[in-house]
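K.L.:
Questions regarding the structure given below will be posed in turn.
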Amino acid sequence: MRHRAAGKTRIEAIDIARGIALFAMAVYHFGWDLEFFGYMEPGTTVTGGWKLFARSIATSFIFLVGVGLFLAHEKGIRWRSFAKRLLMIVSAAAAISLATWFAFPSGFIFFGILHHIALASLLGLAFLRFPAWSLLVLAALVAAAPHFLRSAFFDTPALWWVGLSTFRPPSNDYVPLFPWFAATLAGIAAARIARDSGFLNWLSLMKPARWHAPFTFAGRHSLAFYLLHQPVLIGCVWVLTQIWPPAVEPAEIRFTKACVSQCLESRDEAFCTAYCACFTDTLKAEGRLDALMTSTPGLETQSRLSEIAAECTMTAETGSDFTERDTSNERP
């Protein structure tokens, strides 16, 4: 990062922070890979502590985008270096979309974290001159927007990147403009406060310890690290499957366990047991269970899942026997 006042071209503490976030991301993705290959319970990495871990990692990355944007362009936008960096990020994002289109066609990454970073970098330029207090207010509004502005108008696929649709679009990595752009605005505000308070100068004088070296290296080559780490991790887990194959449980047991685990975050055990049994039995009866366990659901399946959720919620809350439900409207 450029910081002329400190007489240095980079502030190594920020590279270290980015590197730590990258290693944390690798830990999360390794967990995802273990789950994907059957070594962890289905749904583990999208619930509970793992879910919070993933969101904190994404937030830190996008926050650092704002910090870096301010440090690099506070005295005027350096268009050449900005365009070069933006082109690299857009190209990498396009490559990820293309690769996941072939690997996971029903859940390909159409607007993941790299897509967001590219857009946030471009939009963030407009806010570099804003005072810190106004940036923090805007960040709060952007973060709150999905709670108040969701609309069927944004349900069309062309607008999914906005983040205001009434449902979560199918994707293995979805980081839309709202609410995530709030972290970029907060990063710009934090960098401005750090500069004005002298904290930035103090950071620039810090001498990294030896153990910081891996994080510094990763932080300075963040895009390469991001693109390469997951293929390496998947390859390692695949080798593990050849040596020590995971125990495979029937799809209905794996789905029910994942359902109960997620349900228990908001409801009691009795409800979750009845609700998930109902959900699993319905999916099995309609022949959807195996497909749901092996791919991200499409729009038609998502719509049906919402209907099943409503039906099974009523079943679990009333305590009625699932086998006595009216199944005349069930789809084949």
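K.L.:
Among Gly198, Pro250, Val239, which residue has its Cα positioned farthest towards the positive end of the charge dipole of the chain, with +1 placed on the Cβ of Lys and Arg, -1 on the Cβ of Asp and Glu, and the dipole taken about the Cα centre?
P.N.:
It is Gly198, whose Cα lies furthest towards the positive end.
K.L.:
Okay, next question. Given a Förster distance of 30 Å, report the FRET efficiency between Thr47 and Ala94 from their Cβ-Cβ distance, rounded to the nearest 0.05.
P.N.:
Efficiency computed from Cβ-Cβ geometry: 0.45.
K.L.:
Now, a different point. Calculate the dipole size of the chain relative to its Cα centre from +1 charges on Lys and Arg beta carbons and -1 charges on Asp and Glu beta carbons; express the result in debye to the nearest 20.
P.N.:
For this selection, approximately 2740 debye.
K.L.:
Starting from the 7 Å offset along Cα-to-Cβ, what nm value, one decimal, do you get for the label separation of Lys207 and Arg10?
P.N.:
It works out to 1.9 nm between the two label points.
K.L.:
Whole number in Å², please: accessible area per residue of the chain, 1.4 Å probe, ligands, DNA and RNA not counted.
P.N.:
Here the per-residue accessible area is 53 Å².
K.L.:
Sort 194-202, 234-242, 251-259 for me by packing, meaning the mean count of neighbouring Cβ atoms within 10 Å per residue, highest on top. Kindly include the intermediate steps, with their values, before the conclusion.
P.N.:
Values: 194-202: 14.4, 234-242: 12.6, 251-259: 18.1.
By packing density, highest mean first, the sequence is 251-259, 194-202, 234-242.
K.L.:
Here are several values of Kirkwood radius over Cα pairs in Å: (i) 25.1; (ii) 21.2; (iii) 22.3. Which one was derived from the coordinates shown?
P.N.:
The listed entry that was calculated here is (iii).
K.L.:
Taking a probe of 1.4 angstrom, what is the accessible area of Ser56 in Å², to the nearest 10?
P.N.:
For Ser56, solvent-accessible area is about 60 Å².
K.L.:
Multiplying the sequence separation of Ala285 and Met40 by 0.36 nm and subtracting their Cα-Cα distance, what value in nm do you get?
P.N.:
Here the segment from Ala285 to Met40 would lengthen by 85.6 nm.
K.L.:
Continuing with the same structure: Take Asn172 and Phe148, extend 7 Å from each Cα along the Cα→Cβ direction, and tell me the distance between the two endpoints in nm.
P.N.:
That separation, rounded to one decimal, is 3.7 nm.
K.L.:
What ranking of Val248, Val46 comes out by heavy-atom accessible area, probe 1.4 Å, highest first?
P.N.:
Val248, Val46
K.L.:
Further, regarding this structure: State the extension gain, in nm to one decimal, for the chain segment bounded by Leu299 and Arg220, taking 0.36 nm per residue of separation less the distance between their alpha-carbons.
P.N.:
Numbers: separation 79, 0.36 × 79 = 28.44 nm, distance 3.96 nm.
That works out to 24.5 nm of additional length.
K.L.:
Kindly point out which whole DSSP H helices in the chain project their C-alpha atoms 20 angstrom or further along the helix axis while averaging a Kyte-Doolittle hydropathy of -1.0 or above.
P.N.:
12-36, 48-73, 79-103, 132-148, 177-197, 222-243, 269-285, 299-318
K.L.:
Which FRET efficiency, nearest 0.05, do Ser81 and Thr241 yield, Cβ-Cβ r, R0 51 Å?
P.N.:
The calculated FRET efficiency here is 0.75.
K.L.:
While we're looking at this one, here's another question. Give the ranking of Phe279, Phe178, Phe217 by solvent-accessible surface, highest area first, calculated with a 1.4 Å probe.
P.N.:
Of Phe279, Phe178, Phe217, the descending order of accessible area is Phe217, Phe178, Phe279.
K.L.:
Residues of the range 169-206 with the amide nitrogen closer than 14 Å to a label point 7 Å from the Cα of Ser134, along Cα-to-Cβ, please.
P.N.:
189
K.L.:
What whole-number volume per residue, in cubic angstrom, does the convex hull of the C-alpha atoms of the range 211-304 give?
P.N.:
Taking the convex hull of the Cα positions in the range 211-304, it is 199 Å³ per residue.
K.L.:
Please give the solvent-accessible surface of Met206 in Å², to the nearest 10, using a probe radius of 1.4 Å with every protein chain present.
P.N.:
Its heavy atoms expose roughly 80 Å² to the probe.
K.L.:
Can I ask one more? Quick one: among Gly31, Gly66, Gly319, which has the greatest mean-square fluctuation in a GNM of the chain with alpha-carbon springs under 10 angstrom?
P.N.:
It is Gly319.
K.L.:
Here is a further query. Would you work out the relative contact order for the chain, in percent, from Cα pairs under 8 angstrom that are 6 or more residues apart?
P.N.:
26 percent
The values are calculated or read from the model by the stated rules, or taken from the named source; none is laboratory data. Not measured: the values here are computed from a predicted model. Cβ: placed from backbone, ideal geometry, glycine included. Neighbour counts: every protein chain shown. Note: areas computed on protein heavy atoms with side chains; ligands, DNA, RNA excluded. Shrake-Rupley method; radii C 1.70, N 1.55, O 1.52, S 1.80 Å.
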